[in-house]
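The values are calculated or read from the model by the stated rules, or taken from the named source; none is laboratory data. All values derive from a computational prediction rather than experimental measurement. Heads up, the Cβs are rebuilt from the backbone with ideal geometry, glycines too, and the neighbour counts pull from every protein chain shown.
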Amino acid sequence: MASQQQERPITYGDVFAAQGYVGEQPVTREDASLMQSLETMALGSTPKGGVASAMQSAADRNMAAGAIPPDAHTIVAEQGMTLEQATVPGMVMQTEYVAGQPVAETMAQVTQVEYPAYPALAGETTLPTDISTLAIPSDVIDHTTPVSHVVIEKPVTIGEAMEAAAVGAGDTTLEDSDARAIQSAETRALGQSPGADNIGAVAQSAVATNEQFGTPAAHVSLSDVLEGATARLPSDKVVTPEDAAKVMEAELRGRPTGVPVKEGGVADCVQAAADVNTMISP
């Protein structure tokens, strides 16, 4: 019985309390890559502790337990991910959907805001910390304005895959194999060897720093180096299976014989991105 429970994959019902057929679907690496790309495109980065992060963690556990194959594909990926934002005076509400079903809703305060339509609120610059208790006129709620509705329709780039690794394995210590993968991915993105002050050089320097300090708490992590990778790349490109193969080779060269690439790491995320791109543009 215990063995059977361990082999059951983590589903959307487990992670987000999703209902119906969506709740029964296992969380896959492909799904996590889609949501990571969506958040990067819509928000500029993938929030730590957000929906994509939770999906990546669940997918990694499913892979580690052997509950799903590496190339697992479900109806969730076919129906896609959506992120919507709506504004009302004083806050922004954001909802993320998986296969059309809402899985997370967040509300963020907006400061330094005037409310000309509601004199009682005029001049307010800060809102209550517990925004769930804030009374907002019903006519405002009924007329929220969508400001962003993004669905994954374009292929994932190398920079986005690197940022996904910052979430998937971001807390792990940056190792030589990670630096090799980063250098390979950056070179593939640029189409040539990068110039000075590139991400790969920063990664190699971080590896040297980590080797000097024996305390894990002082180590430079993968996310320290890869956060905001897309914006730091002078140019970027869509991930291809050839890119994934080269990055995979580079990372494996830095790991002991027979040891696979880091789960959720650079090579893993670039391969996942290549898989997604093949699905979008076969």
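A few remarks follow.
- Test for Ala231: is it within 14 Å of Thr172 (Cβ to Cβ) and surrounded by fewer than 18 Cβ atoms within 10 Å (Cβ to Cβ): no
- Every test in (1) among the small types (Gly, Ala, Ser); (2) assigned to a loop (DSSP other than H, G, I, E, B); (3) touching a residue at least 24 places away in the same chain (Cβ under 8 Å) is passed by Ala166 save one, and that test is (2).
Here's the yes/no breakdown for (1) under 17 Å from Ser45 (Cα atoms); (2) among the aliphatic types (A, V, I, L, M); (3) modelled with pLDDT under 90:
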| site | (1), (2), (3) |
| --- | --- |
| Glu163 | yes, no, yes |
| Glu186 | no, no, no |
| Gln204 | no, no, no |
| Glu211 | no, no, yes |
| Ala218 | no, yes, yes |
| Ser223 | yes, no, yes |
| Ala229 | yes, yes, yes |
| Lys237 | no, no, no |
| Thr240 | no, no, no |
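- Candidates in the stretch 244-273 are the residues that are small (Gly, Ala, Ser) and part of a loop (DSSP other than H, G, I, E, B); of these, the one that is farthest from Ser221 (Cα to Cα) is Gly258.
- Matching residues, the stretch 224-249, being within 14 Å of Ala179 (Cβ to Cβ) and small (Gly, Ala, Ser): Ala229
- A single member of Ala54, Ala59, Ala42, Ala67 is in a loop (DSSP other than H, G, I, E, B) and hydrophobic (A, V, I, L, M, F, W, C), and it is Ala67.
- Tally, over the stretch 1-58, of residues that are at pLDDT 85 or above, among the aliphatic types (A, V, I, L, M) and more than 16 Å from Gly80 (Cα to Cα): 4
- Boolean, Glu96 is of a type outside the set (Phe, Trp, Tyr) and over 15 Å from the mean Cα position of the chain (by Cα): no
- Selection status of Ala67, at pLDDT 50 or above and within 30 Å of Lys262 (Cβ to Cβ): yes
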